[in-house]
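Worksheet: the structure to be examined is printed underneath.
Laboratory data are not the source of any read-out in this text; all were calculated from the coordinates shown. All of these numbers come straight from a predicted model, not from anything done at the bench. Note that each Cβ is placed from the backbone with ideal geometry, even for glycine, and that neighbours are counted across all protein chains shown.
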Amino acid sequence: MTNPWRGDVALVIDDETHVMRLTLGALAELEDGLEAGSLLELVQRFESNSFTSRDVLALLGAGLRGGRCDLSSEDLLHARIEGGPMAAARAAAELLARAFVVPGA
């Protein structure tokens with residue numbers, strides 16, 4: 001079960017529902033792994049629809065690890081995500097938004 005106050009986002013991968021969350025450690029991982037000078041630049045890429053598939057995979061991977069899922073980055077590359085690439089991108093954007101916005105605000 002997801003808790004938006006905690007920043008949870010659910011994603012169905014290979015017919016199994018996973019709860020993702022961007023913890024502080026996951027956010028630090030994103031800063032390290034992405035070609036963005038800051039998380040603000042990443043947010044701006046999503047807001048302007050100029051994100052890449054690499055951005056989506058990095059966000060999903062960090063969120064899965066933050067949610068304590070043991071799905072490896074390699075497994076994620078070959079996973080079947082319910083709803084396809086568009087659903088993956090929406091989940092990544094929602095995950096990023098929930099890390100910085102209080103639900104209902």
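Structure data summary
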| item | result |
| --- | --- |
| FRET efficiency, Ser72 to Arg6 (Cβ-Cβ, R0 30 Å, nearest 0.05) | 0.80 |
| DSSP-assigned coil residues among chymotrypsin sites (Phe, Trp or Tyr not before Pro) in the chain, each with at most 13 further Cβ atoms within 10 Å | Phe100 |
| Sum of side-chain charges, Cys69 neighbourhood, beta-carbon under 13 Å (Lys, Arg +1; Asp, Glu -1) | -2 |
| Two-site label geometry, Ala28 and Glu16: point separation in nm, points 7 Å out along Cα→Cβ | 2.7 nm |
| Qualifying trypsin sites (Lys or Arg not before Pro) for segment 29-71 [loop in DSSP, other Cβ within 10 Å: at most 14] | Arg68 |
| Nonlocal amide H pairs with Met20, under 5 Å, H built at 1.01 Å | Val9, Ala10, Leu11 |
| Over the chain, volume per residue of the alpha carbon convex hull, in Å³ | 99 Å³ |
| Highest to lowest packing among 80-88, 16-24, scored as the average C-beta count within 10 Å | 16-24, 80-88 |
| Over the chain: helical MRE at 222 nm, DSSP H runs n ≥ 4 each giving -39500 (n - 2.57), nearest 500 | -15500 deg cm²/dmol |
